[in-house]
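First the structure, in the form of structure tokens, and then the observations on it.
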């Protein structure tokens, strides 16, 4: 003797739940596929872009810090973070371009520095101060 539940697949609630579950699953999978295709497309575009070296001045620097609050089993809170670094360059023509850089490059650059920027698409290859 005990509790027994019989599954009723003729209930309209079952079909509504099933359709909603499948739609949410497809939307999540679609978002992942979109992100992957977009990133691979940007990587491919960068690889096929010409490598350019131009004179530029650093006119801005910024960091984008992302924090996520997590709870471990046992209730302990921890906050992993990610830091993304960006530098804005101004060319002699007056045009500006913001490029992501790694932490080492970011630390070696200062606003007002002038030099030769080598970039390929949206990828900063090198910046040599003059």
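The values are calculated or read from the model by the stated rules, or taken from the named source; none is laboratory data. These numbers come from a predicted model, not from an experiment. For neighbour counting, all protein chains shown are included, and Cβ atoms are generated from backbone atoms with ideal geometry for every residue, glycine included.
Looking at region 82-102, is at least one residue loosely packed, with under 10 Cβ neighbours inside 10 Å, part of a strand (DSSP E or B) and either touching a helix residue (DSSP H, G or I) at 6+ places or on another chain (Cβ under 6 Å) or in the same structural domain as residue 124 (by TED's automatic domain parsing) (or both)? Yes, region 82-102 has at least one match. Of all residues in region 46-81, how many are without any contact (Cβ under 8 Å) to a residue 40 or more places away in the chain and assigned to a strand (DSSP E or B)? Selection size over region 46-81: 10. The test for being more than 30 Å from residue 125 (Cα to Cα) and either modelled with pLDDT of 95 or more or in the same structural domain as residue 84 (by TED's automatic domain parsing) (or both) holds for residue 23. Hey, any hits in region 44-59 for a residue that's at pLDDT below 95 and exposed (fewer than 10 other Cβ atoms within 10 Å of the Cβ)? Taking every residue of region 44-59 in turn, none turns out to be at pLDDT below 95 and exposed (fewer than 10 other Cβ atoms within 10 Å of the Cβ). Quick one: would you say residue 88 is modelled with pLDDT of 95 or more and touching a strand residue (DSSP E or B) at 6+ places or on another chain (Cβ under 6 Å)? Answer is yes for this residue.
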